[in-house]
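For reference, the structure discussed in these notes is given below.
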Amino acid sequence: MTREEKFMEAAIALAEKGIEHDEGGPFGCVVVKNDQIIGSGNNKVTSTNDPTAHAEIIAIREACKNLNSFQLEDCEIYTSCEPCPMCLGAIYWARPKVIYYGNTRKDAAIIGFDDSMIYDEIGSDLSSRKIPVINICREKANRSFIEWQQKKDKKIY
């Protein structure tokens, strides 16, 4: 067994644990740095009533807390399924060096976890989205952007 397979098996075991404990969907994730698991999670959407409690989000939060950093530099993500759009966005913001995944998004769709509508929405014009997206108070909102832009001691990320 390769080291990558070992870590993927850890992610899969978390998915299975989550099913066994009725915590949420069949998804697990580990974050690895220097051959050590520094963050782990399984889907807890239904047990916490939190639509963001996906395995990857939970694992990223734990790993960042353990590293005392908002970046996952030199880390690897092992997730039992190809990340959904939300998780993929979070992963890119965290900036790990690689993502390994088990099941594909098509595999997930077959069992009722179909993210294709979200992928389609991301590429569609705002005016044609299924949930209305309405721009208001842009000038007032822009004040915080100006303040940030002028801030001398900001932490860039």
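Take Ser127 and tell me if it is in contact with a Phe, Trp or Tyr (Cβ under 9 Å, 6 or more places away or on another chain), of a type in the set (S, T, N, Q) and either assigned to a strand (DSSP E or B) or open to solvent by 100 Å² or more (accessible area, probe 1.4 Å) (or both).
no
Looking only at residues that are within 25 Å of Pro51 (Cα to Cα) and among the hydrophobic types (A, V, I, L, M, F, W, C) in region 112-148, which one is farthest from the chain's Cα centre (by Cα)?
Ile134
So how many residues does region 44-80 have that are of a type outside the set (Asp, Glu) and touching a residue at least 60 places away in the same chain (Cβ under 8 Å)?
So the answer is 5.
Looking only at region 73-113, filter to residues that are farther than 25 Å from Tyr157 by Cβ and in contact with a Lys or Arg (Cβ under 8 Å, 6 or more places away or on another chain); which one of those is least open to solvent (accessible area, probe 1.4 Å)?
Here the answer is Cys81.
When you scan region 42-80, how many residues do you find that are at positive phi and either at pLDDT below 95 or not charged (D, E, K, R) (or both)?
So the answer is 2.
Could you run through region 25-42 and say how many residues are of a type outside the set (Gly, Ala, Ser), under 9 Å from Ala15 (Cβ atoms) and crowded, with 24+ Cβ neighbours inside 10 Å?
Qualifying residue count for the region: 3.
Tyr119 is checked against (1) within 21 Å of Ala59 (Cβ to Cβ); (2) open to solvent by less than 70 Å² (accessible area, probe 1.4 Å) and fails just one. What number does that condition carry?
(1)
Each row is one residue, and each column tells you yes or no for (1) free of Cβ contacts under 8 Å to residues at least 24 places away in the same chain; (2) touching a Leu at 6+ places or on another chain (Cβ under 9 Å); (3) among the hydrophobic types (A, V, I, L, M, F, W, C); (4) farther than 25 Å from Ile111 by Cα.
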{"position": "Arg3", "(1), (2), (3), (4)": "no, no, no, yes"}
{"position": "Lys17", "(1), (2), (3), (4)": "no, no, no, no"}
{"position": "Ile38", "(1), (2), (3), (4)": "no, yes, yes, yes"}
{"position": "Asn42", "(1), (2), (3), (4)": "no, yes, no, no"}
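Go through region 113-146 and report how many residues are under 30 Å from Asn103 (Cα atoms) and among the small types (Gly, Ala, Ser).
Summing the residues that are under 30 Å from Asn103 (Cα atoms) and among the small types (Gly, Ala, Ser) in region 113-146 gives 3.
Out of everything in region 50-72 that is charged (D, E, K, R) and either farther than 17 Å from Val30 by Cβ or buried (at least 21 other Cβ atoms within 10 Å of the Cβ) (or both), what residue ends up being farthest from the chain's Cα centre (by Cα)?
Selected residue: Asp50.
Given the conditions (1) on the phi < 0 side of the Ramachandran plot; (2) modelled with pLDDT of 95 or more; (3) part of a loop (DSSP other than H, G, I, E, B), report the number of the one that Ser144 does not fulfil.
(3)
Write out, first by first residue and then by second, each pair whose Cβ atoms fall under 7 Å of each other, whose residues are 6+ apart or on separate chains, and whose first residue, in region 130-157, is within 25 Å of Ala90 (Cβ to Cβ) while the second is open to solvent by 100 Å² or more (accessible area, probe 1.4 Å).
Partner pairs satisfying both residue conditions: Lys154/Trp148.
Would you check which residues across region 130-141 are surrounded by 10 or more Cβ atoms within 10 Å (Cβ to Cβ) and assigned to a helix (DSSP H, G or I) and list them?
Ala141 - this is the single residue of region 130-141 that is surrounded by 10 or more Cβ atoms within 10 Å (Cβ to Cβ) and assigned to a helix (DSSP H, G or I).
The values are calculated or read from the model by the stated rules, or taken from the named source; none is laboratory data. Quick caveat: nothing in here was measured; it's all calculated off a predicted structure. Neighbour counts are summed over all protein chains in view; Cβ atoms, including those assigned to glycine, are modelled from backbone coordinates with ideal geometry. Accessible surface areas use protein heavy atoms only, side chains included; no ligands, DNA or RNA. Shrake-Rupley method; radii C 1.70, N 1.55, O 1.52, S 1.80 Å.
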